[in-house]
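Colleague: I am attaching a structure below and will ask some questions about it afterwards.
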Amino acid sequence: MPARYQTLRGFRDLLPGETEHWQRFETGARDLFRRYAFREIRPPHLEATELFVRSVGEATDIVGKEMFTMDAGEGETVTLRPEITASVCRAWVQHSLDRAGLSRFFYIGPAFRKERPQKGRLRQFHQAGVEVLGEASPETDVEVIAVGVDLVTLAGVKEWRLLLNSIGDPACRPAYRAALVAFLEARRELLCGECQDRIERNPLRVLDCKKEPCQAATAGAPSTVDHLCDACRIHFAGVRRGLDLLAIPYELTPRLVRGLDYYVRTTFEIQAGGLGAQNAVLGGGRYDNLVAELGGSDVPGIGWAAGIERLLIAAGREGEQAPAALDAFVVTLGERARECALPLVQALRTRGLAVSWDPAGRGLGGQMKRAGRSGARFAVLVGDDELDRGRATLKDLASGEQGEGPLDPDALVRFVREKTETTR
């Protein structure tokens with residue numbers, strides 16, 4: 001007996017019924033991004049490994065443990081993208097997109113991380129995100145955060161909280177890092193093994209650890225905002241003032257450092273219920289040195305990414321099924337009607353209707369059962385009598401009402417659309 005293959009651990013199929021919900025979310029997201037003047041970009045899923053090592057940071061968990069990396073031959077390794085910001089910045093540099101006046105981008109697509117699968121965290125997951133390159137003002141930060149809040153609302157998340165922090169920049173970070181390392185060294189034995197290793201490699205990541213002993217041990221850690229230089233302090237005050245002007249509520253969260261090395265100044269995260277301890281649905285921040293690190297000019301940047309799976313779980317829509325969005329199902333009675341059915345179905349499709357029928361030629365009962373299961377709004381019944389009169393019998397599958405309509409394709413399309421509009 002042949003083997004029965006299944007999806008790999010941490011991967012899943014999106015089946016009909018679910019995909020319609022995803023499509024509606026993606027359509028709404030694209031319209032939202034358009035209103036904020038973002039343009040879509042679609043980088044490849046596979047990039048040179050070095051791109052992520054240099055951008056995300058060699059000392060991060062993503063680079064150290066979670067990347068799907070493979071040998072591409074001739075000493076080159078390539079990696080399935082674990083995040084998409086680095087790819088957007090690489091594309092901006094490679095194609096000199098600044099010369100075309102392009103600075104605001106959005107993306108919707110998959111990313112890949114080799115981590116332990118759990119609720120809302122898969123090895124292939126999907127992100128919607130935005131990036132703004134070349135704009136350094138605090139008002140830009142506010143706009144980027146605002147579009148994130150709008151996306152979470154669009155997804156249907158009712159209860160959310162925006163966490164906000166500033167982690168400084170290369171001018172003030174060294175003094176903060178020294179203070180934090182001294183604090184952590186005094187509590188080394190209270191930290192988990194991973195966080196003990198992070199003290200030297202990436203001390204800010206210790207603050208991001210979700211393990212209770214580490215949370216308790218770092219409760220009194222030095223605050224990043226208490227160590228900001230004047231420029232970072234002024235910038236952060238501008239971000240807070242802008243959020244207040246837009247009446248966007250936020251919580252100052254000194255522990256919020258995010259998990260990627262490229263962040264500077266503003267960091268933020270939106271959390272929602274229903275996801276357990278890992279309750280972030282959207283996160284991001286400013287990365288003013290990343291483009292230069294990847295070989296481009298020294299320009300600022302800011303962006304965020306939202307996990308689509310996590311948004312739908314938080315909105316209570318995970319696994320929700322949607323019927324097919326068909327306008328009509330053509331039902332035939334007799335051989336003569338079957339001869340006419342295929343050109344009629346095709347004529348309706350070319351005029352913009354979503355239409356199905358039963359090519360197998362089942363009886364009337366079987367066809368009506370398929371029509372009911374198809375999700376179609378109307379059943380269009382065609383038999384010898386209808387052909388002789390040039391009329392069709394139309395049954396509203398939602399209400400059960402039945403009447404006559406035209407058989408001519410142009411007139412039938414108008415009839416179906418008018419009926420749909422008047423009964424919405």
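Colleague: Scan region 267-315 for residues that are of a type in the set (D, E), in contact (Cβ under 8 Å) with a residue 12 or more places away in the chain and part of a loop (DSSP other than H, G, I, E, B) and jot them down.
Modeller: Result: D288, single match.
Colleague: Sticking with this one: Being surrounded by fewer than 14 Cβ atoms within 10 Å (Cβ to Cβ), β-branched (V, I, T) and either closer than 30 Å to I302 by Cβ or under 14 Å from the mean Cα position of the chain (by Cα) (or both) is the filter here, so list the residues in region 1-58 that pass it.
Modeller: Within region 1-58, T19, T27 qualify.
Colleague: Let me confirm something: among Y287, Y262, which residue is aromatic (F, W, Y), buried (at least 21 other Cβ atoms within 10 Å of the Cβ), more than 26 Å from G193 (Cα to Cα) and modelled with pLDDT under 95?
Modeller: Every option except Y287 fails the conditions.
Conditions tested, residue by residue: (1) over 18 Å from the mean Cα position of the chain (by Cα); (2) closer than 24 Å to D298 by Cβ; (3) not assigned by TED's automatic domain parsing to the domain that holds A37.
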position: A91; (1), (2), (3): yes, yes, no
position: F125; (1), (2), (3): no, no, no
position: V132; (1), (2), (3): no, yes, no
position: A136; (1), (2), (3): yes, yes, no
position: E139; (1), (2), (3): yes, yes, no
position: V149; (1), (2), (3): no, no, no
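Colleague: Here's a follow-up. So which residues in region 63-89 are within 19 Å of the chain's Cα centre (by Cα) and either more than 12 Å from A111 (Cβ to Cβ) or among the hydrophobic types (A, V, I, L, M, F, W, C) (or both)?
Modeller: L80, I84, A86, V88, C89
Colleague: At least 1 residues that are closer than 27 Å to D141 by Cα in each: list the strands (runs of 3 or more DSSP E) lying fully within region 4-123 that qualify.
Modeller: Once the strands (runs of 3 or more DSSP E) in region 4-123 are filtered for at least 1 residues that are closer than 27 Å to D141 by Cα, what remains is 104-112.
Colleague: Any residue at all in region 180-192 that's under 34 Å from the mean Cα position of the chain (by Cα) and either assigned by TED's automatic domain parsing to the domain that holds A305 or surrounded by fewer than 17 Cβ atoms within 10 Å (Cβ to Cβ) (or both)?
Modeller: Within region 180-192 (the criterion being under 34 Å from the mean Cα position of the chain (by Cα) and either assigned by TED's automatic domain parsing to the domain that holds A305 or surrounded by fewer than 17 Cβ atoms within 10 Å (Cβ to Cβ) (or both)), the answer is yes, since at least one residue qualifies.
Colleague: For region 377-424, please list each of the strands (runs of 3 or more DSSP E) lying entirely inside it that holds at least 3 residues being surrounded by 12 or more Cβ atoms within 10 Å (Cβ to Cβ) and of a type in the set (A, V, I, L, M).
Modeller: Result: 378-382.
Colleague: Would you pick out the residues in region 349-368 that are touching an Asp or Glu at 6+ places or on another chain (Cβ under 8 Å) and closer than 15 Å to A328 by Cβ?
Modeller: Selection gives R351, L353, A354, V355, Q367.
Colleague: For region 1-60, give me each residue that is without any contact (Cβ under 8 Å) to a residue 40 or more places away in the chain, of a type in the set (G, A, S) and within 23 Å of G75 (Cβ to Cβ).
Modeller: Across region 1-60, the qualifying residue is only A48.
Colleague: Here are the criteria: (1) under 18 Å from D396 (Cα atoms); (2) assigned by TED's automatic domain parsing to the domain that holds G134. Tell me which single one E309 does not satisfy.
Modeller: In the conditions (1) under 18 Å from D396 (Cα atoms); (2) assigned by TED's automatic domain parsing to the domain that holds G134, E309 misses (1) alone.
Colleague: Separate question: Under 7 Å between Cβ atoms, which residue pairs at least 6 apart in sequence (or on different chains) link something in region 229-254 that is assigned by TED's automatic domain parsing to the domain that holds G283 and assigned to a loop (DSSP other than H, G, I, E, B) with a partner that is of a type in the set (G, A, S) and modelled with pLDDT of 95 or more?
Modeller: L246/A146; I248/A146
Colleague: Separate question: Restrict the check to region 369-377 and report whether at least one residue is farther than 15 Å from V331 by Cα and within 40 Å of the chain's Cα centre (by Cα).
Modeller: No, region 369-377 has no match at all.
Colleague: Condition test on R370, is it assigned by TED's automatic domain parsing to the domain that holds R417, assigned to a helix (DSSP H, G or I) and closer than 18 Å to L407 by Cβ?
Modeller: No.
Colleague: Hey, can you tell me all the residues within region 127-156 that are surrounded by fewer than 20 Cβ atoms within 10 Å (Cβ to Cβ) and either without any contact (Cβ under 8 Å) to a residue 12 or more places away in the chain or not in a helix (DSSP H, G or I) (or both)?
Modeller: G134, E135, A136, S137, T153, G156
The values are calculated or read from the model by the stated rules, or taken from the named source; none is laboratory data. Since this is a predicted model, take the numbers as computed values, not measurements. When we count neighbours, we look across all protein chains shown, and the Cβ atoms used for this are built from the backbone with ideal geometry, even at glycine.
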